[in-house]
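Trainee: Pasting a structure below so you can have a look.
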Amino acid sequence: MEVSELLQQTHKLPNVPDVVRELIQQLNNPKADYSIIAAKVIHDQTLSLKILRLVNSAHFGLSRKISSINEAIIMLGMAQLKTMVIASGFTGSVKEVEGLDLKQFWAESFQVAELAKWYAEKSNNVDPDTAFTVGLIHNIGQLLLHLTKPKLAEAIKNLVDETGYDRSEAERVRLGFTTAEAGQALLRYWQLPASIGEAVRYQIQPFDAERPASLSAIVNIACYINTCIKTNRPIKDTIAMFPVAEAELAGLPVNIASTSEEAMQLQSRLDGLL
């Protein structure tokens, strides 16, 4: 089977708003005019309403009600609004997926995104907003598989449960490729920056890339901490097994493993989008 078979089912692909794709294109552009993008968000009624509902939720604890995107920018800043727009656009891209709990899927994606941003802020090599975006869509290939080949997605899950294969091994057996590779192909189809697609593809093994990238390493670490949270791994073991080589590639401080407990306490403020 080829990845292209998944992309050929265009009517089943996630429907991400154009303004979200444009915003991702501009993440690393210091000359980007975000006022133009904000104006486009305002004209996307569904997107703007979701963002305003979130901004006015208890999570943000603002002193007064915010009634416009422009007010939200003033109160929260463009950096926070960017992540909200991107998260809102992706979570609204599909409404129902066979064999996948969408609320759980996006909640976990939010957690990885927050972790990726948190670690990127401690590195001089990675833009935090880009790290957040890659963390948010790191599993977009799994979503693509469930949308286009739900029976195959179920077969892969069963193979993992029955044999003890890790997820990537099971995907190669059933598909001939991994969903991380499928995710890269989907992002290329959307014409998003190549660096984002490569980070998604090499999130599990950053050093497999021809040119290992700090962004892939940041997402790898975020996924590692998220797994530790999900499995209730003791903090002592979390620190002992911390991916040190990936941390060095990411440009993180040498003592970064010692901050694992703090990282594990992070909570996403985006759950109101679900």
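Trainee: Within the bounds of the range 75-87, is there any residue that is within 21 Å of T133 (Cα to Cα) and without any contact (Cβ under 8 Å) to a residue 12 or more places away in the chain?
Mentor: Checked the range 75-87: at least one residue is within 21 Å of T133 (Cα to Cα) and without any contact (Cβ under 8 Å) to a residue 12 or more places away in the chain.
Trainee: Sticking with this structure for a sec: State whether one or more residues within the range 162-175 are in contact with a Gly (Cβ under 6 Å, 6 or more places away or on another chain) and either assigned to a helix (DSSP H, G or I) or of a type in the set (S, T, Y) (or both).
Mentor: Taking every residue of the range 162-175 in turn, none turns out to be in contact with a Gly (Cβ under 6 Å, 6 or more places away or on another chain) and either assigned to a helix (DSSP H, G or I) or of a type in the set (S, T, Y) (or both).
Trainee: Continuing with this model, one more query. Can you confirm whether the range 51-67 contains a residue that is touching a helix residue (DSSP H, G or I) at 6+ places or on another chain (Cβ under 8 Å) and closer than 30 Å to A180 by Cβ?
Mentor: Within the range 51-67, one or more residues are touching a helix residue (DSSP H, G or I) at 6+ places or on another chain (Cβ under 8 Å) and closer than 30 Å to A180 by Cβ.
Trainee: Ok, one more. When you scan the range 1-26, how many residues do you find that are touching a Phe, Trp or Tyr at 6+ places or on another chain (Cβ under 9 Å), part of a loop (DSSP other than H, G, I, E, B) and closer than 17 Å to I140 by Cβ?
Mentor: Residues flagged as touching a Phe, Trp or Tyr at 6+ places or on another chain (Cβ under 9 Å), part of a loop (DSSP other than H, G, I, E, B) and closer than 17 Å to I140 by Cβ within the range 1-26 amount to 4.
Trainee: Looking only at residues that are within 12 Å of the chain's Cα centre (by Cα) and not in a helix (DSSP H, G or I) in the range 113-143, which one is surrounded by the most Cβ atoms within 10 Å (Cβ to Cβ)?
Mentor: Only one residue fits best here, namely I137.
Trainee: I need the full set of residues from the range 176-208 which are within 22 Å of D127 (Cα to Cα) and assigned to a loop (DSSP other than H, G, I, E, B), in order please.
Mentor: Result: W190, Q191, L192, P193, Y202, Q203, I204, Q205.
Trainee: Which one is surrounded by the most Cβ atoms within 10 Å (Cβ to Cβ) among residues in the range 6-21 that are more than 30 Å from D33 (Cα to Cα) and in contact (Cβ under 8 Å) with a residue 60 or more places away in the chain?
Mentor: Once the filter is applied, the top-ranked residue is L6.
Trainee: Return the residue satisfying two criteria in turn: it lies in the range 208-229 and is touching a residue at least 12 places away in the same chain (Cβ under 8 Å) and not aliphatic (A, V, I, L, M), and of such residues it is surrounded by the most Cβ atoms within 10 Å (Cβ to Cβ).
Mentor: S216
Trainee: Let me ask something additional. Just give me the residues in the range 39-73 being more than 24 Å from the chain's Cα centre (by Cα), surrounded by fewer than 15 Cβ atoms within 10 Å (Cβ to Cβ) and part of a loop (DSSP other than H, G, I, E, B), in sequence order.
Mentor: Passing the criteria: G61, S63, R64, K65, S67, S68.
Trainee: May I ask you to say which residue of E181, E169 is surrounded by fewer than 22 Cβ atoms within 10 Å (Cβ to Cβ) and at pLDDT below 95?
Mentor: Unique residue meeting the criteria: E169.
Trainee: Enumerate the pairs (first residue in the range 42-54 and touching a residue at least 12 places away in the same chain (Cβ under 8 Å); second residue anywhere and aromatic (F, W, Y) and outside any helix (DSSP H, G or I)) with beta-carbon separation below 9 Å, excluding pairs fewer than 6 apart on the same chain, so at least 6 apart or on different chains.
Mentor: Here the result reads L54/F60, each pair linking the range 42-54 to a residue that is aromatic (F, W, Y) and outside any helix (DSSP H, G or I).
The values are calculated or read from the model by the stated rules, or taken from the named source; none is laboratory data. All of these numbers come straight from a predicted model, not from anything done at the bench. Cβ sites come from the backbone with ideal geometry, for glycine too, and all protein chains shown count toward neighbours.
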